[in-house]
1. Just wondering, is there one or more residues in segment B:424-437 that are crowded, with 20+ Cβ neighbours inside 10 Å, aliphatic (A, V, I, L, M) and either outside any loop (DSSP other than H, G, I, E, B) or more than 9 Å from every other protein chain (Cβ to nearest Cβ) (or both)?
2. Exactly one condition in (1) out of contact with any strand residue (DSSP E or B) (no Cβ under 7 Å at 6 or more places or on another chain); (2) surrounded by fewer than 19 Cβ atoms within 10 Å (Cβ to Cβ); (3) farther than 28 Å from B:Gly43 by Cα; (4) more than 14 Å from every other protein chain (Cβ to nearest Cβ) is false for B:Ser408; which is it?
3. How many of the residues in segment B:473-515 are in contact (Cβ under 8 Å) with a residue 24 or more places away in the chain, part of a loop (DSSP other than H, G, I, E, B) and over 21 Å from B:Val186 (Cβ atoms)?
4. Among A:Arg53, A:Arg93, A:Arg60, which is the only one that is without any contact (Cβ under 8 Å) to a residue 24 or more places away in the chain, out of contact with any Phe, Trp or Tyr (no Cβ under 8 Å at 6 or more places or on another chain) and either surrounded by 24 or more Cβ atoms within 10 Å (Cβ to Cβ) or basic (Lys, Arg) (or both)?
5. Working only within segment A:294-314, note down all residues that are more than 22 Å from A:Pro91 (Cβ to Cβ) and more than 8 Å from chain B (Cβ to nearest Cβ).
6. Of the residues that sit in segment B:34-47 and are more than 14 Å from chain A (Cβ to nearest Cβ) and crowded, with 24+ Cβ neighbours inside 10 Å, which one is nearest to A:Arg53 (Cα to Cα)?
7. Within segment B:315-325, identify whether any single residue is buried (at least 24 other Cβ atoms within 10 Å of the Cβ), part of a loop (DSSP other than H, G, I, E, B), more than 10 Å from every other protein chain (Cβ to nearest Cβ) and under 20 Å from the mean Cα position of the chain (by Cα), and answer yes or no.
Number of protein chains: 2
Amino acid sequence: MAAVAAAMRWRLLQVISVAVLGASGTPQPPNILLLLMDDMGWGDLGVYGEPSRETPNLDRMAAEGMLFPNFYTANPLCSPSRAALLTGRLPIRNGFYTTNGQARNAYTPQEVVGGIPDTELLLPELLKGAGYVSKIVGKWHLGHRPRFHPLKHGFDEWFGSPNCHFGPYDNRARPNIPVYRDWEMVGRFYEEFPINHKTGEANLTQIYLQEALDFIKRQQAAQRPFFLYWAIDATHAPVYASKPFLGTSQRGRYGDAVREIDDSVGKILNLLQDLRIVENTFVFFTSDNGAALISAPKEGGSNGPFLCGKQTTFEGGMREPAIAWWPGRIPAGQVSHQLGSIMDLFTTSLSLAGLEPPSDRVIDGLDLLPAMLQGQLMERPIFYYRGNTLMAVTLGQYKAHFWTWTNSWEEFRQGVDFCPGQNVSGVTTHTQEEHTKLPLIFHLGRDPGERYPLSFASTEYLNVLDRITPVVQQHQEALVPGQPQLNVCNQAVMNWAPPGCEKLGKCLTPPESVPEKCSWPH
Amino acid sequence: MAAVAAAMRWRLLQVISVAVLGASGTPQPPNILLLLMDDMGWGDLGVYGEPSRETPNLDRMAAEGMLFPNFYTANPLCSPSRAALLTGRLPIRNGFYTTNGQARNAYTPQEVVGGIPDTELLLPELLKGAGYVSKIVGKWHLGHRPRFHPLKHGFDEWFGSPNCHFGPYDNRARPNIPVYRDWEMVGRFYEEFPINHKTGEANLTQIYLQEALDFIKRQQAAQRPFFLYWAIDATHAPVYASKPFLGTSQRGRYGDAVREIDDSVGKILNLLQDLRIVENTFVFFTSDNGAALISAPKEGGSNGPFLCGKQTTFEGGMREPAIAWWPGRIPAGQVSHQLGSIMDLFTTSLSLAGLEPPSDRVIDGLDLLPAMLQGQLMERPIFYYRGNTLMAVTLGQYKAHFWTWTNSWEEFRQGVDFCPGQNVSGVTTHTQEEHTKLPLIFHLGRDPGERYPLSFASTEYLNVLDRITPVVQQHQEALVPGQPQLNVCNQAVMNWAPPGCEKLGKCLTPPESVPEKCSWPH
């Protein structure tokens, strides 16, 4: 039904608007620009209450667009969240999870063997059907082995890295992460693409900005609709900024990175304005998961009033800053209380392109255009998973936790704290606590910080449970989990000799292949 | 020096602007409207990141005015905070504190004997010198015995109550709180002025709104400059709202109260616009202390990302929402990082009136006009007191705690929690911990939530300590504490028979006079 509505919508847009004509003289669907941040928290933007208010461009974007204060990622960790965005499907469906332990967060470090299955249909693959040219700038994170390469999954161009910019390494135990231009490595982090671990200086955001600006200009000149997935990573530890921004923030190095990103977003929006394509370009800004409080305050952001951070299924782990911007189409200065999901960006983008989502599989993303263009509100659940475990669900204003866990006592005692300064008794637990029979239920409007569970005996609790139970039952009964992709690790699959390494003289020799179960501690 | 600058400023304003002419044909200083909320938290406004974003009028006020994200009250409790606002002086100077225990918060319940000393000069008294007519609408809270009556301290009109709207009582152990019009009681809360404790329904905000609108219209008609102190209390527990607002908020009853206040502020600003006096009316919105988390979620607000709430000297207890609005004078859509204090409203108001603050006493308030009109930043300390104890100081981005305390273990174990869901080890202590030799220092830019004290051994710590120490030393050496006014309580002084009670047949008989030490548990 969502798909039909989407197609209707684009036809409606074509009718009601002065259609932009492409090179062929036919009406051209809008360009799509997804700005995906890395570990940026809900509370990191001025418009979301960050006290230093150092994001004038993003705040302006919100003033000219629509803010979604209730927007969620699909997982509190980067790889599954990105896989969900590009497939419109929960990680439990698209395989971006592990069964090596219960409720374990997993991602794609270098030693992981898996990645995005060929059977998954990614947004850029589908957008090709409407003539889009697609580029990914920045972090891919859906697998780094050749079969997972983004250009094999629908993107036409790539500048960026397959994994996190962890390091620096000595290229012995593990290689430095490669940076690709399209099919080939053009260097490695900490080598050709330096990141000064001590000072935090790196030019990468500027490079990623330039890549974005160049791509937009080229596509505009060619009059082809484009999809740009700008997945930059300056706010993921090790946090970095370029020299002109270093030391300029009141928030330290993390704030420097945010300021550079804010400035870059401003430049991208300005280019769209200069090129006079704002009315034909849909822009959405969000983040892949909550701020990594474990790295705060130097290299981690803020989740505002919400509980805990990255790695957890509390609001701080999964509620994201989100702004939609499309001057002339999306009304300015609006706030939508639609429960949104990163997976909606898949379905919404298809809708913008006049395409229907695949009908041969379950798609979790909704088309948000009715919310954006007409202020509609659709009831829909938000599911919070850790690995293979449904931890919580939000429906309307109510969130029910079926399992609570932050991390193990063992990790916590070693100083790994996903909820620094926060502690809600019986909620931020260090043992996996099951509440499937009697979930802990919070009203997120009255209690966004998840501090006061409803009384089990209250009428409100019982009413909510009655509403939530069938939604969860239906979800779980219909669920066919995908083959888990993040179970097997192998030192031999790391980025020893990516394509193009010969030209650079940068090929390393992999060790013997020893597949083993990946270890996911939390 | 601040006083001289202030006088200069108003003369400058007179020169650079088309002066508004009063009835006498002489230039008229701007009207002053201070909107003081009760227990409203920093995080309660959309513009400060409240997720439900239900304050469109206040958000508009910020968009048309100047936001002060670093604005502080002078005390984490209502009476001393209000005394500080109206005298421009710290409670330790103006007597609004107790010495009955160390670091105890004290206020003016009915049984307190003291109140604002006659020797203190209040803002409305001083504004008379520039021809202002002054009105207080709402909660006075500077003492309820006849000598403390607001009309004896400079106000020309009053509609409101001398104490908090606690109750309902049976008028035996204690009388219900009177509501005054000017000199006389016109009824009591829960009697002539009902507050339905069960439903939360009360018409009071509407009455206070009407009082404000009427006063503004009358003064505008009379062409007299006015000072309106709108000290409403709907967000203080028991929280209330009128019928049209009850049940309308996503945040429950507390949100209903906020929505009604937001709506009322919109109506006040609209009236100024309709009367075409915006360019001659300075409006400032703030709150008396942080949100009372002890009453959350039903009857308490949000302090956003800050630590703890009302009663504490952590940021959640003393950092306040603050918006200055003066279209045509204060530039629109600005954010000032000036450290501001509620006491600055005293000095700034005098400056607006072209008056100098009293020179025979220490005034803690600064003139904020240079910050508001020219974007200047002045370095100044913010002192955080509990009773007679200097708990902390903020200078620039750094905050040093000399004492930490939330409340006693005894109270805490009984469920009195000023920091629900929050716990920073060694910081949110339940014993009074002294750190005067080696204060706990936080960088509020990187760490607004006061979670990560700087390492004692770091260069940064030592440098900050070097800067803060002389400021504190100078403050403490020069400090002459006022006579403490909140030490003695007596059941006989309660509101048994306020002036006007005979006309209403509402006089009660006081018990025998038994003065005793007031008990201040935290």
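1. Checking segment B:424-437: not a single residue is crowded, with 20+ Cβ neighbours inside 10 Å, aliphatic (A, V, I, L, M) and either outside any loop (DSSP other than H, G, I, E, B) or more than 9 Å from every other protein chain (Cβ to nearest Cβ) (or both).
2. Every listed condition holds for B:Ser408 apart from (3).
3. Within segment B:473-515, residues that are in contact (Cβ under 8 Å) with a residue 24 or more places away in the chain, part of a loop (DSSP other than H, G, I, E, B) and over 21 Å from B:Val186 (Cβ atoms) number 12.
4. A:Arg53
5. A:Ser295, A:Glu299, A:Gly300, A:Gly301, listed by residue number.
6. That would be B:Met40.
7. Yes, because at least one residue in segment B:315-325 is buried (at least 24 other Cβ atoms within 10 Å of the Cβ), part of a loop (DSSP other than H, G, I, E, B), more than 10 Å from every other protein chain (Cβ to nearest Cβ) and under 20 Å from the mean Cα position of the chain (by Cα).
Conditions (1) farther than 23 Å from B:Asp344 by Cα; (2) assigned to a loop (DSSP other than H, G, I, E, B), marked per residue:
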{"residue": "B:Pro238", "(1), (2)": "yes, yes"}
{"residue": "B:Lys267", "(1), (2)": "yes, no"}
{"residue": "B:Asn270", "(1), (2)": "yes, no"}
{"residue": "B:Glu279", "(1), (2)": "no, no"}
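The values are calculated or read from the model by the stated rules, or taken from the named source; none is laboratory data. None of these values were measured; they are calculated from a predicted model. Note: ideal-geometry Cβ built from the backbone for every residue, glycine included; neighbour counts use all protein chains shown.
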